[in-house]
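To keep things clear, I will list the structure first and then write my remarks on it.
All of the numbers you see were taken from the coordinates with simple rules; none came from a lab. Quantities reported herein were computed from a predicted structural model and do not represent experimental measurements. Cβ placement follows ideal geometry from the backbone for every residue including glycine, while neighbour counts extend to all protein chains displayed.
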């Protein structure tokens, strides 16, 4: 198990040890994977976006001025990469997940009730505008504080709170009867 | 009730949001080859010399006076040196045909030995908002917005850049737009971006494998 701190691993990578970059990514990958899949609605798209984000992070590692906050720094790159990735693909085809293969990859394989609920939630999530979807995911799925969200998005806390509020209101409309309110 | 209070979630709303989020917290597992592909790409990047190119785009006091170290291959180094000589001889370098409608242009002016001020111009009479994305701003669609110039459909932004090769694109109306008048490059995911050489000429692109537009 890798015990070196993020700052130590960053220094090691900058000294030429590319394997240490793999250790950094393995340490933080699950959270980024979850965010990218939920944000883009597709495991394959999230795979592409994260590969791009991590390569960009490797290239720009010298600009990580506070390596002890590597996780936050990388989160910012992942968020930007997901946003740019979504801007490049055809949003109208992916806003509602219609492709059955993509849907099968994006949600649980379990065809039971839990899987169906997750499908409905993912569909509803993809109907949110990207800024609201992102805010909701960071707040309630990644369980960040508003201060952390501000650090990774560069947005003000008031704006983030408003986006979370709007996201919750919209999800409530979309998921009427799917997720119990009380 | 102030804005913060209006945007605060009620306990009921928070509880609902948590019930919605709970199923989404399932850990998704990528294809088992994800790690292997990433490490291979990282090693290739490191071997190609483009890992941490050595050009640090910093902000803050003293940036304009700090020298920059550019690590490049010998061929690229010769090309950059030749390009710099051409730049000094010409004084300024203007790339692209600004007279054509709906095209873009990049104007580079050398301010110091190590700094160039690059002006990116985007033309589209239908554009409502335009952003510049590139490897100099982390490909952030929010970091470098273009501003309207007052001329219909013309947007521009000025960015200080040190000598080197940069990839960039414009994002307008959610669409990714490359500069048809600049060399282009495709990344590992077949995404096309425009290429900018600061301190050298596009003719050196052939040596780096980048397609030169005519």
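Descriptive notes on the structure:
- Radius of gyration and Dmax over the Cα atoms of region A:128-177, both given in Å: 10.6, 35
- Peptide ranges B:130-141, A:3-14 listed from the most packed, as the mean C-beta count within 10 angstrom indicates: B:130-141, A:3-14
- Per-peptide average of other Cβ atoms within 10 Å, ordering A:37-43, B:121-127 highest first: A:37-43, B:121-127
- Listing A:73, B:176 from fewest to most neighbouring C-beta atoms within 10 Å gives B:176, A:73.
- Per-residue mean of foreign Cβ neighbours for A:18-29 is 3 (Cβ atoms of other chains, 10 Å radius).
- Difference of contour (0.36 nm per residue) and Cα-Cα distance, residue A:17 to residue A:129: 36.3 nm
- In this label model, residue B:175 and residue B:36 are separated by 4.1 nm, measuring between points 7 Å along each Cα→Cβ vector.
- The slack in the chain from residue A:27 to residue A:169, taken as 0.36 nm per residue of separation less the alpha-carbon distance, amounts to 47.7 nm.
- Counting 0.36 nm for each residue step from residue A:116 to residue A:63 and taking away their Cα separation leaves a gain of 14.8 nm.
- For residue B:126 and residue A:3, a Förster radius of 41 Å and the Cβ-Cβ distance give a FRET efficiency of 0.15, rounded to the nearest 0.05.
- With a Förster radius of 56 Å applied to the C-beta separation of residue B:8 and residue B:47, the computed FRET efficiency comes to 0.60.
- Remark: mean inter-chain Cβ contacts per residue of B:138-148 equal 4, using a 10 Å Cβ-Cβ cutoff to other protein chain atoms.
- As a proxy for reagent exposure, A:131, A:173 were ordered by neighbouring Cβ count within 10 angstrom, fewest first; the result is A:173, A:131.
- Fewest-first sequence of B:166, A:75, A:146 by Cβ atoms within 10 Å of each Cβ: A:146, B:166, A:75
- The mean count of C-beta atoms from other chains within 10 Å of the C-beta of residues in A:71-77, rounded to a whole number, is 1.
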